Structure formats: C-alpha cells, structure tokens
1. Residues of B:85-95, mean number of Cβ from any other protein chain within 10 Å of their own Cβ, rounded to a whole number?
2. Quick check: pseudo-label points 7 Å beyond the Cα along Cα→Cβ at B:Glu47 and A:Ala56, how many nm apart are they?
3. Could you grab the relative contact order for segment A:105-190? Cα pairs under 8 Å, six or more apart, rounded to a whole percent.
4. What length, rounded to one decimal in nm, is gained on full extension from B:Thr181 through to B:Ala222, with 0.36 nm per residue of separation minus their alpha-carbon distance?
5. Got the B:Gly76 label distances to the other copies yet, label 7 Å along Cα→Cβ, in nm, shortest first?
6. Please list B:Ile112, B:Ile37 in order of solvent-accessible area, largest first, computed with a 1.4 Å probe with all protein chains present.
7. Given R₀ = 22 Å, FRET efficiency for A:Arg215-A:Glu194 by Cβ-Cβ distance, to 0.05?
8. So what's the gap between the Cα centers of segment A:150-219 and segment A:63-89, to the nearest angstrom?
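The values are calculated or read from the model by the stated rules, or taken from the named source; none is laboratory data. What you see is a predicted model; the values in this text were computed from it and never measured. Note that we place each Cβ from the backbone using ideal geometry, even for glycine, and neighbour counts take in every protein chain shown. Heavy atoms of the whole protein, side chains included, go into the accessibility calculation; ligands, DNA and RNA do not. Shrake-Rupley method; radii C 1.70, N 1.55, O 1.52, S 1.80 Å.
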2 protein chains.
Amino acid sequence: MSTDYTARTSTQIPAGHSAPFPSLDASALFAGCPEVIGTPFSYAREEEVYGEGEEAEFVYKVVSGAVRTHKVLSDGRRQITGFRLPGDLFGFEQGKIHRHSAEALTDTKVLIFKRRQVERAATDRAEFACQLWDMATNDLRHAQDHMLLLGRRSAAERVASFLIDVDARLGGTGTFALPMTRRDIADFLGLTIETVSRTLSQLEEDGALQRVGGRQVSLRRARLHRMIED
Amino acid sequence: MSTDYTARTSTQIPAGHSAPFPSLDASALFAGCPEVIGTPFSYAREEEVYGEGEEAEFVYKVVSGAVRTHKVLSDGRRQITGFRLPGDLFGFEQGKIHRHSAEALTDTKVLIFKRRQVERAATDRAEFACQLWDMATNDLRHAQDHMLLLGRRSAAERVASFLIDVDARLGGTGTFALPMTRRDIADFLGLTIETVSRTLSQLEEDGALQRVGGRQVSLRRARLHRMIED
DNA sequence: CGAAACCTTGAGAGCTCTCAATGTGAGTGG
DNA sequence: CCACTCACATTGAGAGCTCTCAAGGTTTCG
C-alpha cells in the first residue's frame, strides 16, 4: 500500500473544495490580482516551512499535500493549531514575525507570495482586503470551535469530532486514510498518542468505525455524530 | 469596598490602551469613517448582548465595562473564548449568524454599529478593510495562544498565565481586582471553579501572589513568569 | 442584619498520562 | 523475494492531576 498521502490528498480534494475547518476556500482569492504572483515551491515530508520567531516574509497557498501549524513550549509540549490542505492559505501574521511554526506533513507543493505584495494589493483593492478579512474571520471561528473542544470535551468526543472533520475535508465519503500520525492527532487534540490510540480502539469496539492498518478508517458517521451532540 | 468593576475598569484602561490579548487596539478604527456611526447602548450585569444562532446584525465596541464571548454545549459545558475590555471590538462573523454568545460581565457601555454599514465601509475603503483584517489576524493569534494553553498547560500554568494577562490589560501594576467570577475564569481556562480556587490558594501559599477578599490580588510577577517559562 | 451568591476546602473517584512492552507495517539490503 | 530494521501504533498497569460531590466560610447587597 502506498504511503504517498500527497497523491491521495490531491486527488480527493479538488482545488475548489470548500474546507470545513481551517481557511475559507481561497481558490479564487488571488484570481483578480495579476500583480500578486505566486511562485511554486515544494517541501519534503516533515520539512519546515517557517519557524516561530522568523520574519514573516511570505504567505503560502497549499497546492497539494498538507501542512500543520503549531506552537511549542520550551519543554517540548506541542499544540497543533491547524492542518492546511489544498486550497488553504496560511502564514499571515499581525506583526512582522511568525508566532507559530509550519511544517509539511507529507511532500507538499505550495505557491509562495510575497507578504508585502499581498499587503500592497490589499491596500490598493478593498475587495481583496475584504477577502483577506473574511478568511481571517473564518479561521477565527474554527479556532473558537477548537477552544471549546480543547477546554471542554472528553477524549472520545475530541477524536469523534476530529474524524468527522477530516472526513468532511477529504470528500465526505466516510472512508479515508488519515494523512497524519497519531502524534499529530494527539498534539492537535490536546491528548497523548496512547489516549488517541485507545480511543480509536474503543470507537471501533463500539462499532463507530472500522480500521484497516493504522491509517485507513471507515466511519459510521451517525454514531460519531451522536457522540458529540453539538 | 465597591464592586463597581465598570468604574474601576474604565479608569484603569485608557481608551487608547493597547490590549495585550484580545483585539487590536481599535480606538481609532472608525475615526476616518464618518459614515460609520456608532450608537451608544448599555447592558446590565449578566445581560446577553447576542446569542449563538442569532442573526449577526451589529458589531460592537466596548466603551466601559467588560464582555465575555463563549460557546456552550447542549449539556451546559461552556468555553469562554475571550474577554473584551474598553477599546475592543467584537461581534464579527464570517457568515450571517453569530457562532458564539456574548454577555456583559458588569454594567457595560458599548457603541453599536450596523454590520452592513461596516461592510460597506470596508468595501469602499481598502485602508479600513485592512484594519479589520489586521484586527481579525490579531484575534487569531490570541486564539492560537489560548489553544496552546488549553491543550498543553497544567492548571497552575493556566492560572499563572491568566493572571499575568489580566494584569497587563488592567495597567500592569501587579495589583488589581479580578473583574470576573471564578466560574468565568474556570470556563475561560478549561478548568472547574474548585481547581481555580485551589490553584490560587496554592499560588498564594507559594508566595506567587497575595489576596485580599475573593477578587483583589497582588502578583509577584517574576515568580509567576517563571512558572510559565514561555 | 439577613439572605443569597460566591468562594474555599476536603475526600474520594475518574479520566488521562506515564512508563513499559508488544505488535504492525513500510522500506531496505542481501 | 525474504529477512531485517525502524518508525509507528497498540495495549497494559499504575500513578497523578483534575473533577465531582459535599460542607462550611466569606462577601455582597437588599
């Protein structure tokens, strides 16, 4: 079985797909801005796109593959704040410095835009600035949903919610391969890898999903939805 | 001793104060937009400003007092996503519906703006739209910081971090009265009121702060900072 | 001064974490 | 093609942190 999640992702997620949790669909964002040209670039699996504290010189649009953004504490504890899939934009900052890190989950292709060019375009064209605003507001909504998950939901609810979200982003068929490791899932959900693993086993035992190998899952979405109630 | 936190807040936080965690300072946001007129309005302590699911017809700017925004699950579990103090703007949504609720912590004065007017102004004036974008990006950064807190920090770290943040927003003197209840603190930090209370007692025992009554605190900021290391 | 809301403290339970061992799958080299 | 290796995932046992339930204390406000 192939481990080329990049290929799988790019076939299952059309460029115009409306992403359920991170960014607003941005496939058309730069369409009317010929002055904002993206440069194609590639990152290998696990390669860093940018690190916390670096100058925020560019913004990025995922073409294929997947990227995680996260923050870390000095003792290594890590919180993944989001996964970016094809069509998503990321790398925007309020100041000049990146306040989080970004790494490629798999081999990933992106378009790179000069931050200053984007800001210039936003300053010149209100419609464009409004799209950026809209995108940020949408990201903020997802962040608030995730705060509720991290602050108030049980491990089973977190995992069920996560599976439903990933399914929706990967086409909504109910059957897919998780494009990230248990560690990434754990660091996104505020759990340990052992708890994620145990919870998946429990969900399978309860008939809420089936697994093939470590990554491939088939969800019984009605049961999972019932577990999160909201 | 007075419990008029509204008055205390409004004297300790100048209108132009740069807020450390929620919104970008927005004191001048509508300055150049005479067509966007805010209507003064007041809310009593514990009064709802808007509820989740309601149409998002207005946006709000705090003049005095304080507001909390939160999400709730059907069984009552609540996650406060932020506290809004004078100068802060809130109530923006990506769609037409509020995805969270907002309530006044204390008697609160706000300026209300018609959402459609704000959007019109953003469409017309790129500079204005950029300010809104910037504000949303700033909110997003704080949301990401809070995800790290909720997902990966211990109760002691959460409380210490919270106290430092509130101190900074209330003037940075190290001595202040908490403008919210233990329940609000707990629901912001993803803890129970008992754990918040126990943690405060422990911090006092460790010499990291002193308390007078339930709300007044004096921080030893160096010690608190040492506890969060990041 | 009295009532109600808020806060603190205690005891025990439970959920998740830690530490450890075993199992599984993908890529590699013989 | 198969054995090997390494990273990843699962499972178990016990500990620990936070929660729940309960009682008592404190503050606020009428």
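1. Across the residues of B:85-95, the mean count of other-chain Cβ atoms within 10 Å is 2.
2. Distance between the two pseudo-spin positions: 3.7 nm.
3. 25 percent
4. Details: separation 41, 0.36 × 41 = 14.76 nm, distance 2.48 nm.
Result for the pair: 12.3 nm of gain on full extension.
5. With the label placed 7 Å along Cα→Cβ, B:Gly76 yields 4.1 nm.
6. Details: B:Ile112 25, B:Ile37 105 Å².
My answer, sorted largest first, is B:Ile37, B:Ile112.
7. On the way: r = 17 Å, r/R0 = 0.79.
With a Förster radius of 22 Å, E is 0.80.
8. Segment A:150-219 and segment A:63-89 have Cα centres separated by 17 Å.
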